[in-house]
Amino acid sequence: MTPLPKDLKKKEKIIQAAMAVFARDGLAKGTIASIAKKANIGKGTVYEYFQNKNTLFEHIIYDVFKKLLVGYTEVADSSMKPIEKLNYFIDYSYDYLDQLIKDDQNNQMLILTEILIFSMRDVLHGKSEISLSKIFRELFETLSPVLEDGIKSGDFIPMDVKYFSFLFFASLDGLGLHFYLQEGYYDSNKLKEYTKQFFVNGILNKRGEK
């Protein structure tokens, strides 16, 4: 059965119910029936939106990264200077991560990490309906115009924006995972500042050449 894009609010309700069920029962034991009961809808209604549990996993990941993409895009399209935008990208990333970690009720960060790893099996075997690599690239590409503007203005040194964007987001992804594993040991504000020093100061045109 092909999922039908009907009511976005109902779809979001199902996703939130699924997060709660997976947090309570785990990925393997969390069932479509349990999710339907949590969302207070019929089991058949869940299948109208998601073909199976694997498809639901993929859409949960897609939903999270699309929300991130909206935030990054708003920053990239703002009137801030390129340096300010790059700093804000870092702040936004850590703040979003903090939000996920502090959601103790649903253990969102843990569930998302488990789902991402689980979904990679289908991705690698070509069985996924959603291209995770495409979603990641969309995130990476939000930074490209910021870097290009900074290079044109003389604020940033010349660089290959495609590869810097990849290194930037891949590094933030790794930092986020270890920040989650070391919860409470490192201060997020200090991590923000050191990350900015590493990435922003590292590409500043210190000679001031315009």
Practice task
Using label points projected 7 Å from each Cα along Cα→Cβ, tell me how many nm separate GLU114 and ASP187, to one decimal.
Solution key: 3.4
Handout entry: Gyration tensor verdict on region 64-203 (Cα atoms; rounded if a/c is under 1.5, prolate if a/b is larger than b/c, oblate otherwise)
Key = oblate
Exercise for the section: Calculate how steeply helix 8-25 sits against the longest principal axis of the alpha-carbon atoms of the chain, using the helix alpha-carbon long axis, and give the answer as 0 to 90 degrees to the nearest 10. Expected result: 80
Completion exercise
Between TYR96 and ASP7, the two model label points (7 Å from Cα along the beta-carbon direction) sit apart by a distance in nm of 2.8
Completion exercise
In whole percents, the bins of 10 Å from zero upward hold the Cα-Cα pairs of region 128-210 as 16, 39, 31, 13, 1
Practice task
Would you grab the residues whose amide H sits under 5 Å from the one on ASN205? Only those 5+ places off in sequence or on another chain, please, with H modelled 1.01 Å from N.
Solution key: PHE156, ILE157
Handout entry: Packing-based order for 88-100, 149-161, using average beta carbon neighbours within 10 Å, highest first
Key = 88-100, 149-161
Problem - C-alpha center-to-center spacing [region 53-101, region 147-210] in angstrom - result: 15
Problem - Kirkwood hydrodynamic radius of region 11-63, Cα pairs, Å - result: 10.6
Problem - Nearby lysines by direct alpha-carbon distance to LYS38 (threshold 30 angstrom, same-chain neighbours under 8 apart not counted) - result: LYS6, LYS9, LYS10, LYS11, LYS13, LYS29, LYS53, LYS66, LYS67, LYS102, LYS127
Handout entry: Net charge of neighbours whose Cβ lies under 10 Å from the Cβ of ILE41, counting Lys and Arg as +1 and Asp and Glu as -1
Key = +4
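All of the numbers you see were taken from the coordinates with simple rules; none came from a lab. Quantities reported herein were computed from a predicted structural model and do not represent experimental measurements. Reconstructed Cβ throughout: ideal geometry from the backbone, glycine too, with neighbour counts over all protein chains shown.
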